[in-house]
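The values are calculated or read from the model by the stated rules, or taken from the named source; none is laboratory data. Predicted model, so just to flag it, every value in this text is computed and none were measured. Note: ideal-geometry Cβ built from the backbone for every residue, glycine included; neighbour counts use all protein chains shown.
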Amino acid sequence: MLELLFDPHAWAALVTLTVLEIVLGIDNVVFISILVSRCEPKQAKRARQIGLSLALIFRIIMLFGLTWLMTLTQPIFAVLGLGFSWRDVILIGGGMFLIAKATHEIHNEVEARDDDAPGGVATQSFFVVVLQLIAVDLIFSLDSIITAIGMAQQIEIMVAAVCIAMAVMYAASGPVSAFITEHPTTKMLALAFLVLIGVALVADGFEVHIPRGYIYFAMAFAAAVEAFNVVAGKKRRGIRRKQKG
């Protein structure tokens, strides 16, 4: 254990794996931000804390269950000559859940139904949010830890990288949630990202790997364009206020 502190290769592996875990965690942060936006402000922070805490717990448990985790990649049945493992089933189910959830949220945003009574819904929605967070955390944890296993050999490095990445995600989740809540257009963009991620997970389940670099580049490009739109919108509103004044 102590020799890892003085091993440059261990530090290099820790930095690389931490960065990778942070990048992989972007999906989780976006989904959590979308879900907690449905809660009351007081409950949103608690739901976010529960979601990220569960993500950390699931990842650490899976890391210490490496033998069991590897059995999930063994085919359990085949369809038309294509073998499916428990990992494939989880990824396909999780991807379809993300697609359905994001599509439902997009429908709600576009329709903007007025019959959603705020009274009495917040408490129920909080528990629904927590259940959804548990389901999605399991999916993202599985994908993230399998990647971690391929990147490092020492369990200590994996646990340290996961803990650091989750701390960064927790720090970023608050501002991301506030920004998405304040700007409805970014929420629609985030929901579109979730559909894209869901498609990628389903494709992975069918052994068709879509390089995540393409997805993250598309997300970064779209987010940069949206950031310019937000800045331009603030300037236009400032000009209008000056003209009225």
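Observations on the model:
- Against the numbered list (1) in contact with a Phe, Trp or Tyr (Cβ under 7 Å, 6 or more places away or on another chain); (2) over 24 Å from residue 173 (Cα atoms), residue 74 comes up short only at (1).
- Counting residues in region 128-142 that are assigned to a helix (DSSP H, G or I), charged (D, E, K, R) and more than 18 Å from residue 50 (Cβ to Cβ) gives zero.
- Of all residues assigned to region 180-190, at least one qualifies as being of a type in the set (S, T, N, Q) and in contact with a Lys or Arg (Cβ under 8 Å, 6 or more places away or on another chain).
- Those residues of region 192-233 which are of a type in the set (A, V, I, L, M, F, W, C) and closer than 17 Å to residue 20 by Cα, in sequence order: 197, 210, 215, 217, 219, 220
- Given (1) part of a helix (DSSP H, G or I); (2) within 23 Å of residue 90 (Cβ to Cβ); (3) at pLDDT 85 or above, index of the condition residue 225 fails: (2)
- Counted residues, region 191-231 - those being more than 27 Å from residue 107 (Cα to Cα) and more than 16 Å from the chain's Cα centre (by Cα): 5
Residue-wise test of (1) part of a helix (DSSP H, G or I); (2) at pLDDT 80 or above; (3) within 27 Å of residue 169 (Cα to Cα).
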site: 10; (1), (2), (3): yes, no, yes
site: 25; (1), (2), (3): yes, no, yes
site: 91; (1), (2), (3): yes, yes, yes
site: 101; (1), (2), (3): yes, yes, yes
site: 119; (1), (2), (3): no, no, no
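- Residue within region 29-43 that is surrounded by 21 or more Cβ atoms within 10 Å (Cβ to Cβ) and farther than 30 Å from residue 217 by Cβ present: yes
- Residues that are surrounded by fewer than 14 Cβ atoms within 10 Å (Cβ to Cβ), without any contact (Cβ under 8 Å) to a residue 12 or more places away in the chain and either assigned to a helix (DSSP H, G or I) or in contact with a helix residue (DSSP H, G or I) (Cβ under 6 Å, 6 or more places away or on another chain) (or both) occur in region 52-62; there is at least one.
- Residue 50 vs. criteria out of contact with any Ser or Thr (no Cβ under 6 Å at 6 or more places or on another chain) and modelled with pLDDT of 80 or more: yes
- Some residue of region 154-177 being under 15 Å from the mean Cα position of the chain (by Cα), under 23 Å from residue 110 (Cα atoms) and either polar (S, T, N, Q) or surrounded by fewer than 15 Cβ atoms within 10 Å (Cβ to Cβ) (or both): yes
- Screening the candidates 157, 210, 215, 146 for the property of being modelled with pLDDT under 75 and either farther than 28 Å from residue 60 by Cβ or touching a helix residue (DSSP H, G or I) at 6+ places or on another chain (Cβ under 8 Å) (or both) yields one hit, 146.
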